[in-house]
1. Inside segment 130-143, can you point out the residues that are surrounded by 20 or more Cβ atoms within 10 Å (Cβ to Cβ) and closer than 20 Å to Ala228 by Cα?
2. What's the number of the only condition in (1) of a type outside the set (D, E, K, R); (2) surrounded by fewer than 17 Cβ atoms within 10 Å (Cβ to Cβ); (3) closer than 26 Å to Asp90 by Cα that Ile169 fails to meet?
3. Taking the condition among the β-branched types (Val, Ile, Thr), modelled with pLDDT under 90, more than 21 Å from the chain's Cα centre (by Cα) and not in a helix (DSSP H, G or I), does Val110 pass?
4. Find the residue count for segment 1-13, including only residues that are surrounded by fewer than 13 Cβ atoms within 10 Å (Cβ to Cβ) and closer than 19 Å to Thr125 by Cα.
5. I need the full set of residues from segment 63-90 which are more than 18 Å from the chain's Cα centre (by Cα) and touching a residue at least 40 places away in the same chain (Cβ under 8 Å), in order please.
6. Residues that are modelled with pLDDT of 85 or more: find the helices (runs of 4 or more DSSP H) completely inside segment 165-253 holding 3 or more of those.
7. Which one of the conditions (1) part of a helix (DSSP H, G or I); (2) closer than 30 Å to Ile115 by Cβ does Leu44 fail to meet, given that it meets all the rest?
8. Looking at segment 3-19, can you tell me whether even one residue there is within 17 Å of Met142 (Cα to Cα), within 27 Å of the chain's Cα centre (by Cα) and in contact (Cβ under 8 Å) with a residue 24 or more places away in the chain?
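The values are calculated or read from the model by the stated rules, or taken from the named source; none is laboratory data. Please read these numbers as outputs of a predicted model, since none were measured by experiment. Because the Cβ atoms are built from the backbone with ideal geometry, glycine has one as well, and the counts that use them run over all protein chains shown.
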Amino acid sequence: MKGLIIKDLMCLRKMRAAFVFVTVASFVITVMALISARCGNIALAEQEYLTGGTDMPMSPSHMLWYAVAVMVLLPLASIGDSLTLVFEADKNSGFANVAGALPVSVKQRVFARFITLFLTCGTGTIISLLLSFVLSLFTDIMTFGDFTGLVLSAASLIMIFSALEMILIFLLMMKNTDYVRIISLLIMFAVFILCSLGRIIETVRAMKPAELITDGLLFLENRWFILAAAAAVCLLISYFVSAGIAERKWGEI
């Protein structure tokens, strides 16, 4: 099984350059923006906003809060689609045709794929947390605790997304991973709409869509453990469903 994990990680080696580039770019851009917020153009724009010299609907510091939240999650997001990329690599190399000849059970092969998911998502989470810690030293817009909540919530959402992808790949025999991504996103979006329908209607009536985004970020910062629990349940269900289907129908991954 260790060999399968190493094989999966080797299939993802092309992601390393993009991951490093995104991480460095996110850090540099965010630090420059935070410095500007202290003694640059953003600081001047904030002073002008506070004195009423501009008709901006939102303060520059508030907009910077949104930007920093997005930038700190980019390293994690850049490797969030590792699961389907591994399946694509197996399809292109023809590995699925010889997987059944390996002296490894179907459950072990499925479990190895989940281990690969944990390793890649865990690496992205650690890097984003380290980036968050450094950025928290430059700003008082968000504390390290706020950053941590955002990162852990994002990691949980990626795990839920990947759990859905795994089930769809086995359940529907979906060879085109683009369809897998789209359907998984639609399912998660539909669940979000159903859970937040009342709040969405309220913000639309009040013509304040920015409040919905703010509430969403605050939820991610402070209620990450809810998403983490949901991710754990989804991953367990996904593993047993995927392994059961693979054993009964195809036995290959």
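1. Ser132
2. (2)
3. no
4. Selection size over segment 1-13: 1.
5. Once the filter is applied, which keeps residues that are more than 18 Å from the chain's Cα centre (by Cα) and touching a residue at least 40 places away in the same chain (Cβ under 8 Å), segment 63-90 yields Leu64, Trp65, Phe87, Glu88, Ala89, Asp90.
6. It comes to 177-206, 224-245.
7. So Leu44 meets the others, but not (2).
8. Checking segment 3-19: not a single residue is within 17 Å of Met142 (Cα to Cα), within 27 Å of the chain's Cα centre (by Cα) and in contact (Cβ under 8 Å) with a residue 24 or more places away in the chain.
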